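The values are calculated or read from the model by the stated rules, or taken from the named source; none is laboratory data. Small disclaimer: the values here were computed from a predicted structure and weren't measured. Note: ideal-geometry Cβ built from the backbone for every residue, glycine included; neighbour counts use all protein chains shown. The accessibility values were calculated without ligands, DNA or RNA, using every heavy atom of the protein model including side chains. Shrake-Rupley method; radii C 1.70, N 1.55, O 1.52, S 1.80 Å.
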Amino acid sequence: MSKSPQKAIDASKAVSRVAMESAQAIASINQKAAQEFAELIQKRVSDLMKTQDPKTAFDYVHAEVLQDAAKEVAHYHQQLLDVLRSGNKELSEIAEEMIQDSKADLIHFVNDATNNAPAGSEAYVSVFKTSFNNALQNFELVRAAMADSFANFEKSVESVTNLSAPKGSSKKKQSKD
């Protein structure tokens with residue numbers, strides 16, 4: 001049982017690492033997107049200033065600027081979702097490992113306790129094992145709830161992705177083929 005505190009510390013470090021890596025990745029994506037957006041705006045404004053005709057300017061803004069902006073936003077959004085999915089998957093694996101380790105520690109503890117029970121304590125051992133079986137069921141409920149939580153997060157990410165996908169995206173085109 002002395003390994004449990006170290007396992008908890010290791011799991012905490014792993015969760016912190018995942019959070020830090022995700023934050024760094026998002027910061028990097030934000031910085032790159034801001035830089036690219038500034039460059040794009042500068043170029044588009046420069047091109048727009050060369051246009052004398054208002055209709056040509058309007059057509060240019062509609063055809064080039066807005067479409068490029070929509071593509072950039074979709075690309076940025078996808079990069080963020082990829083980081084979130086990756087972090088979610090890693091956190092799910094860490095949580096699953098922690099639950100399995102805790103379950104194994106509990107089984108080991110109960111086996112030691114019941115195997116070394118003094119003679120005449122069978123009734124207590126029976127009550128203890130019943131409580132233990134209930135605890136194992138609770139471990140499974142926690143594991144299932146955790147798995148559902150991570151799966152629901154994935155579904156939420158997919159829903160946001162589907163809502164933000166431009167009309168006529170590749171998914172729709174593929175389904176028509």
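There is no residue in segment 140-154 that is of a type outside the set (Phe, Trp, Tyr), open to solvent by 50 Å² or more (accessible area, probe 1.4 Å), modelled with pLDDT under 85 and not in a helix (DSSP H, G or I).
In the set (1) open to solvent by less than 90 Å² (accessible area, probe 1.4 Å); (2) at pLDDT below 80; (3) outside any helix (DSSP H, G or I), the condition left unmet by residue 120 is number (2). Scan segment 157-174 for residues that are at pLDDT 70 or above, of a type outside the set (Val, Ile, Thr) and surrounded by 12 or more Cβ atoms within 10 Å (Cβ to Cβ) and the total you get is 1. Screening segment 9-27 for residues that are of a type in the set (Val, Ile, Thr) and within 14 Å of residue 89 (Cβ to Cβ) and picking the one that is farthest from the chain's Cα centre (by Cα) gives 15. Exactly one of these conditions fails for residue 129: (1) exposed (fewer than 14 other Cβ atoms within 10 Å of the Cβ); (2) out of contact with any Ser or Thr (no Cβ under 8 Å at 6 or more places or on another chain). Give me its number. With (1) exposed (fewer than 14 other Cβ atoms within 10 Å of the Cβ); (2) out of contact with any Ser or Thr (no Cβ under 8 Å at 6 or more places or on another chain) applied to residue 129, the lone miss is (2).
Table: residues versus (1) open to solvent by less than 60 Å² (accessible area, probe 1.4 Å); (2) modelled with pLDDT of 80 or more; (3) over 28 Å from residue 152 (Cβ atoms); (4) assigned to a helix (DSSP H, G or I).
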| site | (1), (2), (3), (4) |
| --- | --- |
| 23 | yes, yes, no, yes |
| 33 | yes, yes, no, yes |
| 36 | no, yes, yes, yes |
| 48 | yes, no, yes, yes |
| 52 | no, no, yes, no |
| 66 | no, no, yes, yes |
| 98 | no, yes, no, yes |
| 112 | no, yes, yes, yes |
